[in-house]
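The values are calculated or read from the model by the stated rules, or taken from the named source; none is laboratory data. Since we're looking at a predicted model, the values are computed, not measured. A quick note on method: Cβ atoms are made from the backbone with ideal geometry, for glycine too, and the neighbour counts reach across all protein chains shown. Ligands, DNA and RNA are stripped out before the accessible areas are found, and what is left, the full protein with its side chains, is counted by its heavy atoms. Shrake-Rupley method; radii C 1.70, N 1.55, O 1.52, S 1.80 Å.
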Amino acid sequence: MEQYIIRGGNPLVGEVEISGAKNAALGILAAAIMTDDTVLIENLPDVRDINVLLEAMESIGVKVERITKHAVLMNSANVGEVSVDYEYIKKIRASYYLIGALLGKYKRAEVPLPGGCNIGSRPIDLHIKGFKALGAKVSIRKGFIIAEAEHLKGSHIYLDTVSVGATINIMMAAAMAEGRTIIENCAREPHVVDVANFLNSMGANIKGAGTDVIRIRGVQRLHKTEYSIIPDQIEAGTFMFAAAATKGDVMVKHVIPKHLEATTAKLLEIGCEVEEFDDAVRVVASKRLRSTNVKTLPYPGYPTDMQPQIGVTLALAAGTSIVTESIFENRFKYMDELARMGAVVRVEGNTAIITGVDKLSGARVSAPDLRAGAALVIAGLAAEGETVVDDIVYIQRGYEEFEEKLRSLGAEIERVNSDRAAQKFRLKLG
Ligand code: UD1
């Protein structure tokens with residue numbers, strides 16, 4: 001089992017390049033199946049979730065050619081199957097985007113029903129509601145969702161909860177339905193816009209992505225395209241908080257600063273300096289951080305995927321902070337780990353009350369999920385002494401070359417898979 005071993009205490013200083021957005025890429029790769037032409041997708045992050053989705057797509061007949069680490073050519077003219085294997089969905093929930101894409105193109109999809117996950121129960125009732133509204137019959141058999149339709153017909157759909165996944169999935173299916181679809185109470189996340197832009201670049205007619213009403217006029221055919229994925233705002237935000245927690249000075253490059261506004265606002269509130277450039281932000285933390293309150297909300301609110309990163313940072317900020325998680329019910333598991341590093345935290349339901357301490361001290365902790373795992377690495381980098389993070393396979397799902405990027409900023413961190421390798425790291429540091 002691989003682990004990160006970290007010697008904390010160094011401020012992170014320097015420049016870091018952000019990769020393409022994983023969550024946008026998951027939707028875009030699935031949508032690429034909707035044309036028989038060859039599609040070129042660039043700025044693809046080289047992370048486990050993406051590589052698993054590409055494998056899942058190859059398994060149903062998509063031809064995938066990785067032309068560079070970050071670019072892929074895909075051709076779906078010979079998709080012979082519309083049934084995806086459980087092995088893939090087990091590893092990556094977002095393969096449910098294949099339902100919307102396959103249903104839109106082939107009017108039939110069979111995809112295993114994703115279960116819950118570490119951050120909470122993850123229903124897909126709204127995705128199903130949307131497919132049904134478009135005229136599909138949706139049934140659940142032997143753990144599979146089977147969605148099928150003679151024709152998909154445009155419809156007026158209201159989403160009861162703002163859901164990124166349902167918005168993207170319904171938008172994909174509606175892109176090739178007959179007539180007009182209106183989706184109301186949509187998610188407005190940058191990756192919803194990116195998937196819509198990608199579909200439009202293939203000839204779809206989608207308007208309003210990025211607002212809470214999306215209007216789609218269905219088309220019969222989608223065509224080839226070349227598309228570059230937006231930068232990952234969560235990876236960017238993670239490095240911004242790493243700079244803050246370690247009292248560093250980091251230029252986070254290749255980002256869209258507008259997508260980072262909620263994160264930037266919180267960093268300013270806690271006493272960091274944040275300078276915005278055209279495609280970069282610089283975060284400088286030169287004084288003791290201050291407490292603040294934060295509540296996770298759909299975009300443009302503060303992202304749930306950035307909740308653990310601000311949580312660990314507030315553990316070091318003077319005063320008492322309140323963090324409220326309003327999207328997923330089980331996103332505070334990392335708080336127990338953080339307490340083992342000396343943080344003063346109390347979790348009550350969906351609220352965490354954090355009283356900042358001067359210092360955290362290194363400990364052995366486990367990554368409970370992707371973002372909380374990254375946050376515990378930040379805690380380790382800020383802490384005194386040695387931290388070992390177990391279960392880093394979660395972190396590898398969504399962060400490209402995490403340890404290399406951190407090392408380039410002066411972090412002392414190594415990915416190890418044996419006691420011997422850990423010992424070597426310790427000896428190297430002396
Ligand atoms: C996506 C992101 C995830 C992020 C989340 C919220 C991807 C691959 N993942 O997940 O990283 O944390 O958005 O920003 O992009 N809900 C329902 N019924 C549904 C669907 C969702 O009740 O059919 C609820 C969920 O339980 C949750 C809320 O809606 O409380 C938002 O979830 P949603 O936006 O759908 O999250 P995902 O798309 O799964």
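Residue count for the range 167-202 under the criterion of being part of a loop (DSSP other than H, G, I, E, B) and either β-branched (V, I, T) or without any contact (Cβ under 8 Å) to a residue 40 or more places away in the chain (or both): the result is 3. For the range 129-148, a residue qualifies if it is at pLDDT 95 or above and either within 16 Å of the ligand (Cβ to nearest atom) or surrounded by 21 or more Cβ atoms within 10 Å (Cβ to Cβ) (or both), and the qualifying residues are K129, G130, F131, K132, A133, L134, A136, V138, A147. Keeping to the range 390-430, report how many residues are of a type in the set (A, V, I, L, M) and within 20 Å of the chain's Cα centre (by Cα). Residues flagged as of a type in the set (A, V, I, L, M) and within 20 Å of the chain's Cα centre (by Cα) within the range 390-430 amount to 4. When you scan the range 226-238, do you find a residue that is under 30 Å from E412 (Cα atoms), part of a helix (DSSP H, G or I) and away from the ligand (no atom under 13 Å from the Cβ), even just one? Checked against the condition, which is being under 30 Å from E412 (Cα atoms), part of a helix (DSSP H, G or I) and away from the ligand (no atom under 13 Å from the Cβ), the range 226-238 yields at least one hit. Taking the range 105-114 on its own, how many of its residues are open to solvent by 50 Å² or more (accessible area, probe 1.4 Å) and either of a type in the set (A, V, I, L, M) or over 18 Å from A149 (Cα atoms) (or both)? Going through the range 105-114 one residue at a time, the tally reaches 1. The requirement of being among the aliphatic types (A, V, I, L, M), on the phi < 0 side of the Ramachandran plot and crowded, with 22+ Cβ neighbours inside 10 Å is not satisfied by A77. Restricted to the range 1-108, the set of helices (runs of 4 or more DSSP H) holding at least 1 residues that are small (G, A, S) and within 16 Å of the ligand (Cβ to nearest atom) comprises 22-31, 48-59, 97-106. Return the residues of the range 211-225 that are surrounded by 18 or more Cβ atoms within 10 Å (Cβ to Cβ) and either assigned to a helix (DSSP H, G or I) or within 26 Å of the chain's Cα centre (by Cα) (or both); say none if nothing qualifies. The answer is I214, I216, T225.
Scanning the range 316-350 for residues that are touching a residue at least 60 places away in the same chain (Cβ under 8 Å), assigned to a loop (DSSP other than H, G, I, E, B) and under 21 Å from I395 (Cα atoms) yields F328, E329, N330, R331. Restricting V274, V312, V281, V323 to those that are more than 16 Å from the ligand (Cβ to nearest atom), farther than 25 Å from G385 by Cβ and open to solvent by less than 10 Å² (accessible area, probe 1.4 Å) reduces the list to V281. Candidates in the range 149-164 are the residues that are within 16 Å of the ligand (Cβ to nearest atom) and part of a strand (DSSP E or B); of these, the one that is least open to solvent (accessible area, probe 1.4 Å) is I157. Of the candidates I41, I5, the single residue that is more than 23 Å from V389 (Cβ to Cβ), in contact (Cβ under 8 Å) with a residue 12 or more places away in the chain and surrounded by 22 or more Cβ atoms within 10 Å (Cβ to Cβ) is I41. State yes or no: is I119 closer than 23 Å to G218 by Cα and of a type in the set (V, I, T)? Judged against the criteria, I119 is not a match. Among the residues of the range 115-131, just one is over 17 Å from the mean Cα position of the chain (by Cα) and over 19 Å from D160 (Cβ atoms), namely G115.
Counting only helices (runs of 4 or more DSSP H) wholly contained in the range 366-417, the ones carrying 1 or more residues that are within 16 Å of A339 (Cβ to Cβ), open to solvent by 10 Å² or more (accessible area, probe 1.4 Å) and not charged (D, E, K, R) occupy 370-382. If I ask for residues that are touching a helix residue (DSSP H, G or I) at 6+ places or on another chain (Cβ under 6 Å) and not aromatic (F, W, Y), which ones from the range 382-411 would you list? Residues satisfying the conditions are A382, T387, V389, I395, Q396, R397, G398, A411.
Considering only the range 119-128, state which residues are surrounded by 18 or more Cβ atoms within 10 Å (Cβ to Cβ) and either assigned to a helix (DSSP H, G or I) or at pLDDT 95 or above (or both). Of everything in the range 119-128, those that are surrounded by 18 or more Cβ atoms within 10 Å (Cβ to Cβ) and either assigned to a helix (DSSP H, G or I) or at pLDDT 95 or above (or both) turn out to be L126, H127, I128.
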